[in-house]
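The values are calculated or read from the model by the stated rules, or taken from the named source; none is laboratory data. None of the values given here were measured: they were computed from a predicted structure. Here Cβ is always computed from backbone atoms with ideal geometry, including for glycine, and neighbour counts include all displayed protein chains. Protein only, heavy atoms only, side chains kept; ligands, DNA and RNA dropped before computing areas. Shrake-Rupley method; radii C 1.70, N 1.55, O 1.52, S 1.80 Å.
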Amino acid sequence: MNTMLNGRVLDLVREDLRGFAGYKSARSETLRGDIWLNANESAWANPADAQASCRRYPDPQPQALRERLAQLYGCTVDQLLIGRGSDEAIDLLVRALCVPGRDAVVVTPPVFGMYAVCARLQDARIAELPLVDSETGFVADLQAIGEAAIAGRAKLVFLCSPSNPAGSVIALADIALLAKRLEGRALVVVDEAYGEFSDNVSATTLLASHANIAVLRTLSKAHALAAARIGSLVADAELIDVLRRCQAPYPVPTPCAELALAGLSDAALEQTRQRVELIRSERSRLQAALAALPEVLRVYPSQGNYLLARFRDAEAAFRSLLTAGVVVRDQRAAPQLDNALRITIGSPEQNDRVIAALRALEMAA
Ligand code: PMP
């Protein structure tokens, strides 16, 4: 059931882009031949291109990779768009759905900054519904988010689950309720960049019953391929089709697609799963170690591969870590986080260095 009650998801797309054909690249023609002289490519491979895999322009959406990703994320191939990281998918969504100067996006600070950056670039209004710092951690107030989205005529609601940097997750049932409430009005985008580290089931499972949900996934985190820039958007097939036409002609470089496919082999996936398990257990260990330090005021529970912690003196903690050669993310400029640092979970040895550097701070205090 992929049709919304109040019209199709396509109706959320800017009216001027609904029938937009985009750039017709030479690669998208369904022509047959064995001598390809239609794209002004070189007749010879570059001397450094031993596999001769880069002489010709790539498939805009490499089929084998698209199939593998669709299998991994539990969707159909036509519900998935590969982009240059999930960053590109965020940008495409804002550009295709928001009319500059008119439409709005809802964001939940403190949160990953690209939603607001893309909104600014598109001159879309930004409605901020701050996460609420509660006893259980930072929580999204979905009731208020729904109201703000309706009142502000938002086209997009960005939910980050697990949230970066807060670490909290949003229950699927609550996401479903919000999507139902915003049916025909807005697309609910669930950013699951850190989904592999969480206990939550993916929001892709809601797509069959809620066409106005879109899910962002990436190979940059758990799959350790940040430099390959392979992100995915999983959404209604008609919406994917429109976004593809708004995207750059050849967004996925062949070496990146090949590496990603190899990185998703059964054997590679098994190793990724083991590493995710290790990160999850290191996350508990580091959380307990940090919580035991008097200099640490609070460590938030996290479902991501990072911990957000508040310090008595965040500047001193940051410096102490730097002196030990450990670089963490200073969050003090972010709303509600004026004494907080975000620490990515590293290898056990790296985490030991973090703990030692913070204990050294205790001794100096
Ligand atoms: N979403 C979140 C929540 C992130 O933290 C990041 C990267 N820091 C991204 C999306 C973008 O990831 P990428 O473009 O590498 O897929």
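Could you check which residue among Gln71, Gln303, Gln51 shows the biggest mean-square fluctuation in a GNM of the chain with a 10 Å Cα cutoff?
Comparing Gln71, Gln303, Gln51 in a Gaussian network model of the chain, the most mobile one is Gln51.
Give me the one-decimal Kirkwood hydrodynamic radius in Å for the chain, with the sum taken over alpha-carbon pairs.
Averaging 1/r across every pair of different Cα atoms and inverting gives 22.0 Å.
By how many degrees, between 0 and 90 and to the nearest 10, does the Cα long axis of helix 266-291 differ from the longest principal axis of the chain?
Approximately 30 degrees, to the nearest 10.
Expressed as a whole number of Å, what is the distance separating the alpha-carbon centroids of region 45-87 and region 180-239?
Cα centroid to Cα centroid, the span is 18 Å.
How much of the accessible area of region 59-212, probe 1.4 Å, is carbon plus sulfur, in whole percent?
Result for region 59-212: 54 percent of the exposed heavy-atom area is carbon or sulfur.
Using a Förster distance of 25 angstrom, determine the FRET efficiency expected from the C-beta separation of Arg32 and Ala248, and round it to 0.05.
About 0.45, to the nearest 0.05.
From the helices alone, meaning DSSP H stretches of at least four residues, give me the mean residue ellipticity at 222 nm for the chain, per-run term -39500 (n - 2.57), in deg cm²/dmol to the nearest 500.
-10500 deg cm²/dmol
Straight-line reach only, C-alpha to C-alpha below 26 angstrom: list the lysines that Lys155 could link to, leaving out same-chain residues fewer than 8 apart.
Lys180
Mind listing which GluC sites (Glu not before Pro) in region 127-160 are in a DSSP loop and have 16 or fewer other Cβ atoms within 10 Å?
Here the GluC sites (Glu not before Pro) that fit, given the DSSP loop and packing criteria, are Glu135.
Compute the long axis of helix 85-97 from its Cα atoms, compare it with the longest principal axis of the Cα atoms of the chain, and write down the angle in degrees, 0 to 90, nearest 10.
Rounded to the nearest ten degrees, it is 60.
Could you pull out the chymotrypsin sites (Phe, Trp or Tyr not before Pro) across region 28-76 that fall in loop regions by DSSP (anything but H, G, I, E, B) with no more than 11 other Cβ atoms inside 10 Å?
Those that pass, being in a loop and sparsely packed, are Trp44.
Stretched out fully, how many nm does the piece from Val132 to Arg353 gain, at 0.36 nm a residue minus the Cα gap?
Once the chain is fully extended between Val132 and Arg353, it gains 76.4 nm.
Kirkwood Rh over Cα pairs of region 267-364 into Stokes-Einstein at 25 °C, 0.890 mPa s: D in µm²/s?
179
What residues qualify as long-range amide H neighbours of Val106, i.e. H under 5 Å apart, gap of 5 or more or another chain, H built at 1.01 Å from N?
Excluding prolines and chain starts, which carry no amide H, the hits are Ala127, Leu156, Val157, Phe158.
Calculate, for the chain, the solvent-accessible area per residue in square angstrom, rolling a 1.4 angstrom probe over the heavy atoms of the protein chains.
47
Within region 123-175, list the trypsin sites (Lys or Arg not before Pro) lying in a DSSP loop whose Cβ has at most 14 other Cβ atoms in a 10 Å radius.
When the trypsin sites (Lys or Arg not before Pro) of region 123-175 are filtered for loop state and at most 14 Cβ neighbours within 10 Å, Arg153 remain.
Need one number: nm distance between label points at Lys24 and Leu72, each 7 Å from Cα along Cα→Cβ, rounded to one decimal.
3.4
Apply 1/(1 + (r/R0)^6) to the Cβ-Cβ distance of Arg56 and Gln271, taking R0 = 22 Å, and write down the FRET efficiency to the nearest 0.05.
According to the calculation, E is roughly 0.10.
If one takes the longest principal axis of the Cα atoms in the chain, at what angle in degrees, from 0 to 90 and to the nearest 10, does the Cα axis of helix 237-246 lie?
Helix 237-246 sits roughly 80 degrees off the main axis of the chain.
When the accessible area of region 267-364 is computed with all protein chains present and a 1.4 Å probe, what percentage of it is carbon and sulfur?
Carbon and sulfur together cover 53 percent of it.
Name the residue, out of Glu315, Glu270, Glu29, whose mean-square fluctuation peaks in a Gaussian network model built on the chain with Cα pairs under 10 Å.
With Cα springs under 10 Å in the chain, the top fluctuation among Glu315, Glu270, Glu29 is at Glu29.
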